[in-house]
1. Under 15 Å from the 7 Å Cα→Cβ point of E188, by amide nitrogen: which residues of region 120-136?
2. How far is the Cα center of region 10-76 from the Cα center of region 202-260, in Å?
3. Given points 7 Å out from each Cα along the Cα-Cβ axis, report the L260 to E172 separation in nanometres with one decimal.
4. For region 149-260, what is the accessible area per residue in Å², given a 1.4 Å probe and the full set of protein chains?
5. Which loop trypsin sites (Lys or Arg not before Pro) in region 178-251, with loop taken from DSSP, have no more than 12 other Cβ atoms within 10 angstrom of their Cβ?
6. Round to a whole number: what % of the accessible area of region 91-183 belongs to carbon and sulfur, probe 1.4 Å?
7. Quick one: work out the % antiparallel among DSSP beta bridges in region 1-100, nearest 5.
8. If I take R0 = 35 Å and measure r between the Cβ atoms of S133 and L180 in this structure, what FRET efficiency does the formula 1/(1 + (r/R0)^6) give, to the nearest 0.05?
Amino acid sequence: MRISLIQFSVVPGDRDANFEQARRHVQTAASDGADVAVLSELWDTSFYPSDIREKADEEGALARAFLQDLAKEYHIHLVGGSIARRHEDGIYNTTYIVDRDGALVSSYDKCHLFTPGKEDKAFTAGRDLNVFSLDGVTMASIICYDVRFSEWVRMAALAGAKVLFVPAAWPEERLEHWRLLNRARAIENQFFVAAVNSCGTCGRLTFGGHSLLADPQGNVLIEGGSDDAVLTETIDLSVVDDIRSRINVFRDRRPELYHL
């Protein structure tokens, strides 16, 4: 399976400009032969302008239609990063998964909101895990801060995921955490982690870039820098079954002990 990580500098609050950037980069990913292209967190608005409540997409309709049309046009699966979605009970940080025929496969509302950045004041938290299938492969997606919660990621592995997608708007000042946490989640869950970060700025926040693809042993197969990039790499999914058979952490778990 061939995966493209799409990293770009999101224009704060300018949906049209960001749609155009996404289109151009998805076209590049398709030209590179990617089966799946992945966008970053809040690629429609950035993370996040002060008027995010006004900028939020009503029920995600604009972004969802755009992603579905784009996937169908370029015959590519899309892990649609995340967008700001307005719902009747609040604003959600929402991922859409769309297959190459343009069908909506699943969606995910970010469950762990970054309270130091007051994300919980602007957004409503989700509650449900996102596990889905593309080309017969079980996968999962989370968003940014979720990657710090190893118990949440482990649930995706226990549900059979072989690839985890992590769209993010991770700050430059904690870039080493970004690299370490994504590699750690790959190692402990013995799956691939495709992590896509924004670059550029929003207000006083500078995003770190360095989108990366890590294999189940934590090796970084490809990694970006601090500028716009489309990073494409082929993964061998048989590696997941191999490592899980040789070092069977799932068999050796003792969940009866894991309580307080």
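1. No residue qualifies, since no backbone N sits under 15 Å from the label point.
2. Between the Cα centre of region 10-76 and that of region 202-260, the gap is 23 Å.
3. Taking the simple label geometry, L260 and E172 are separated by 3.7 nm.
4. Result: 48 Å² per residue.
5. Details: sites: R179, R183, R185, R204, R244, R246, R251; in loops: R204.
The qualifying sites are R204.
6. Working: 1750 of 3700 Å².
Reported share for carbon and sulfur atoms: 47 percent.
7. Percentage antiparallel, nearest 5: 45.
8. Numbers: r = 29 Å, r/R0 = 0.83.
It comes to 0.75.
The values are calculated or read from the model by the stated rules, or taken from the named source; none is laboratory data. For clarity, every value in this text was computed on a predicted model and none was experimentally measured. Heads up, the Cβs are rebuilt from the backbone with ideal geometry, glycines too, and the neighbour counts pull from every protein chain shown. With ligands, DNA and RNA removed, areas are computed over all heavy atoms of the protein, side chains included. Shrake-Rupley method; radii C 1.70, N 1.55, O 1.52, S 1.80 Å.
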